[in-house]
Amino acid sequence: MAVSVNEAVSAGPVPDHAPPARRRGFRGRSVLEVALLTALAVVMLFPVLWMIETSIKENRDVYAVPAKFFDFKVTLDHYRDVFVSSGGGGRSTLSVAFLNSVLVAGVSTVLATLLGVPAAWAYSRFSVKAKKDQLFFILSTRFMPPVVVVIPIFLMYRQVGLIDHPLGLILIYTAFNVPFTIWMMKGFVDEVPAEYEDAAMLDGYTRLQAFRKFTLPLLVPGIAATAVFALIFSWNEFVFAIFLTSSDNVRTAPPAIAGLIGGTTVDWGLVAASSVVFALPVLIFAYLVRKHLVAGVTLGAVRR
Amino acid sequence: MSAPVPLTTDRPGQVASTTPPARGRSRWLSDRRLAVAFIAPALLLLLAMSVFPLLWALYLSFTDYSATRGGAANWVWFGNYTAILTSAQVHLRALTTLIYVVGAVGLQTVLGFTIAYLISRRTHGRGLLTTLFLVPMMLSPVVVGLFWRFMLDAQFGVVNSMLGSLGLGQVEWLTKQRTALLSLIVVDTWQWTPFIMLIALAGLTAVPKYLYEAASIDRASEWFRFRTITLPLVWPLLLIAVLFRAIEAFRLFDLVYILTSGGPGVSTETLSFHVYKVAFLGFNTGTASAYGILMVLIVIVLTQLYLRYLNKLKED
């Protein structure tokens, strides 16, 4: 029945043959379904809209009881506060945190791609000993509870002085993104016929040249999509960030935003504005890779 | 990491200009070397950053080491493990986690599948609808947690405000024992229903149309078609989504940390959160390690289950 609407629209004669009573039932059900879908969409999207609305409300209206949905004063003060420090007019701690996030997420994504793509290609093309077990092992490292991993990592970093250092975060994020990159990229490599490389090798190229000249260019869209997901994971990560960093000039955005509610009074307008600024790039990037979303969110395990 | 980099840059440049060198018996060997050179750096990083820390945690779990006290660690054999497995506190957290995982994942599955089913029956605006529904999933748990905390605030939260205008009483969402866990489940459901929806939708759109057409010719009832065509074909994929979510929910820490900090009392303390408290507030590193290793064991079992179903799906 899942395609009944399709049929009703595309294949003209079908509804004509159906008895009229059933047709009306059809229409009624369809309306009901649209209504239900709309209601669900409103529920799912309301918090997001409310967040955007709060970010442009004046403080007075933010705390209004009952809540003001439409008649509020619009202000961009909260957004200014995100970037400009309230005191001297210099950079705010939040904007420093955003820059740190860009650095950590960017570098760890590049590293994970550099390590993961060649490995994915090798797993896809060569017969490696116990390949399946290796791949399963790789994916299972990604499933470790972060709170558990962070205990020994914390002790390790304390030994080598990586606590509160961007490199510490970059390393752990790379390690968390490599399994994802390998699994995701292996799917993309599998889609490129190995015959291309074989043919190139018959033409006299070495295996490595064949990979570089023929396979790699075909993989570029896949690499881009994979990198975007890795970027999103690192950008959104919170647990390692809060335990492995402490000072304002190293902290990434998630713990910095979470730190906004530490005091006695909470500036919810600022929280909302910084959340919007924080979430916007993710939404844009996610929209760009929407074709690969199923594979991306299942860590490359499910492909459709 | 340093091994493959020169490989990728040097050799092609040298050979590319000349005619191909003679190939022969060494080809298989060089393939093998190439495989090792390409895979080893990634595996080494994983060994250093995932396996080694876990082994260290395993060692610590047999000691009474404390990160603050320092000093030598005493070997206590299985003392930490028996202490954890017999602790009533831990049992309580296990129960909370179970309620949370089952409640949240159950709700997400029902809602997510319903939405996917409804979307799959539409012809117009499918892409737009899917995109809109997916927004919550892409947000950071920090943003989600903070924002729901604001919305669920007892005094000026918008949820209570709406309840008020409907003539209903105010609810202390995050500050009452029973409602706090419910709030946690609701927020997690809000964020992750899109995940189930996305995967269910992938399964639903992959169902071949001719099956429905055949059933339609046979005048099979709608429920019959759903039960015998849709569900069996979507089920394997849905199961994978559910298992994935279960693992994630079991690991969850950030949302609890932001939304309730485990409170009020200990009513929303999950196992993850309790490990954090033992490790970073109690500084019983040895005990926390044992606790963590036990959690890892559960995750490994769940992951094995997940991978087994995944394998099955791929073979079909």
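The values are calculated or read from the model by the stated rules, or taken from the named source; none is laboratory data. Quantities reported herein were computed from a predicted structural model and do not represent experimental measurements. Ideal geometry is used to build each Cβ from the backbone, glycine not excepted, and the neighbour counts take in all protein chains shown. These accessible areas exclude ligands, DNA and RNA; they are computed on the full protein's heavy atoms, side chains included. Shrake-Rupley method; radii C 1.70, N 1.55, O 1.52, S 1.80 Å.
Annotations for the structure displayed:
- Search result, residues across segment B:281-290 that are touching a helix residue (DSSP H, G or I) at 6+ places or on another chain (Cβ under 7 Å), open to solvent by 10 Å² or more (accessible area, probe 1.4 Å) and assigned to a helix (DSSP H, G or I): B:287
- Residue-level analysis places residue A:137 among those that are open to solvent by 10 Å² or more (accessible area, probe 1.4 Å) and more than 15 Å from residue A:230 (Cβ to Cβ).
- Qualifying residue in segment B:68-82 (condition: at pLDDT 90 or above, away from every other protein chain (no Cβ under 13 Å) and surrounded by fewer than 18 Cβ atoms within 10 Å (Cβ to Cβ)): yes
- The set of residues in segment A:88-105 being open to solvent by 50 Å² or more (accessible area, probe 1.4 Å), of a type outside the set (A, V, I, L, M) and either in contact (Cβ under 8 Å) with a residue 24 or more places away in the chain or in contact with a helix residue (DSSP H, G or I) (Cβ under 9 Å, 6 or more places away or on another chain) (or both) consists of A:91, A:93.
- Number of the condition not met by residue B:246 [criteria: (1) touching a residue at least 40 places away in the same chain (Cβ under 8 Å); (2) more than 18 Å from the chain's Cα centre (by Cα)]: (2)
- Every residue from segment A:111-133 that is closer than 11 Å to residue A:186 by Cβ and open to solvent by less than 50 Å² (accessible area, probe 1.4 Å): A:116, A:117, A:119, A:120, A:121, A:122, A:123, A:124, A:125
- Residue selected from segment B:56-94 under the condition small (Gly, Ala, Ser) and assigned to a helix (DSSP H, G or I), by the criterion farthest from residue A:153 (Cα to Cα): B:88
- Residue B:303 being under 24 Å from residue A:140 (Cα atoms), part of a helix (DSSP H, G or I), of a type in the set (Ser, Thr, Tyr) and more than 8 Å from chain A (Cβ to nearest Cβ): no
- Residue match in segment A:186-205 (condition: without any contact (Cβ under 8 Å) to a residue 60 or more places away in the chain and closer than 18 Å to residue B:56 by Cβ): no
- Filter result for residue A:256 (over 29 Å from residue A:118 (Cα atoms) and either under 22 Å from the mean Cα position of the chain (by Cα) or free of Cβ contacts under 8 Å to residues at least 24 places away in the same chain (or both)): yes
- Screening the candidates A:94, A:103, A:115 for the property of being more than 10 Å from chain B (Cβ to nearest Cβ) and modelled with pLDDT of 95 or more yields one hit, A:103.
- Residue list for segment A:191-225, restricted to those being within 11 Å of chain B (Cβ to nearest Cβ) and under 28 Å from residue A:142 (Cα atoms): A:211, A:216
- Selection count, segment B:263-278, where residues are surrounded by 21 or more Cβ atoms within 10 Å (Cβ to Cβ) and either β-branched (Val, Ile, Thr) or at pLDDT below 90 (or both): 4
- Any hit, segment A:263-280, residues being in contact (Cβ under 8 Å) with a residue 60 or more places away in the chain, of a type in the set (Asp, Glu) and surrounded by fewer than 24 Cβ atoms within 10 Å (Cβ to Cβ): yes
- Hey, residue A:123 out of contact with any Phe, Trp or Tyr (no Cβ under 6 Å at 6 or more places or on another chain), in a helix (DSSP H, G or I) and more than 30 Å from residue B:65 (Cβ to Cβ) or not: yes
- Condition met for residue A:62 (at the interface with chain B (Cβ under 9 Å from one of its Cβ atoms), at pLDDT below 85 and open to solvent by less than 30 Å² (accessible area, probe 1.4 Å)): yes
- Test result for residue B:289, free of Cβ contacts under 8 Å to residues at least 40 places away in the same chain and polar (S, T, N, Q): no
- Count of segment A:156-181 residues which are open to solvent by 10 Å² or more (accessible area, probe 1.4 Å) and at the interface with chain B (Cβ under 7 Å from one of its Cβ atoms): 2
- Looking across segment A:285-295 at every residue that is more than 10 Å from chain B (Cβ to nearest Cβ) and outside any loop (DSSP other than H, G, I, E, B), the one that is least open to solvent (accessible area, probe 1.4 Å) is identified as A:292.
Residue-by-condition table, conditions (1) over 18 Å from the mean Cα position of the chain (by Cα); (2) open to solvent by 30 Å² or more (accessible area, probe 1.4 Å); (3) in contact (Cβ under 8 Å) with a residue 24 or more places away in the chain:
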site	(1), (2), (3)
B:214	yes, yes, no
B:240	no, no, yes
B:253	no, no, no
B:261	yes, yes, no
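- Residue list for segment A:70-87, restricted to those being open to solvent by 80 Å² or more (accessible area, probe 1.4 Å) and either away from chain B (no Cβ under 14 Å) or assigned to a helix (DSSP H, G or I) (or both): A:71, A:73, A:74, A:76, A:80, A:83, A:86
- Hey, residue B:52 buried (at least 16 other Cβ atoms within 10 Å of the Cβ) and assigned to a helix (DSSP H, G or I) or not: no
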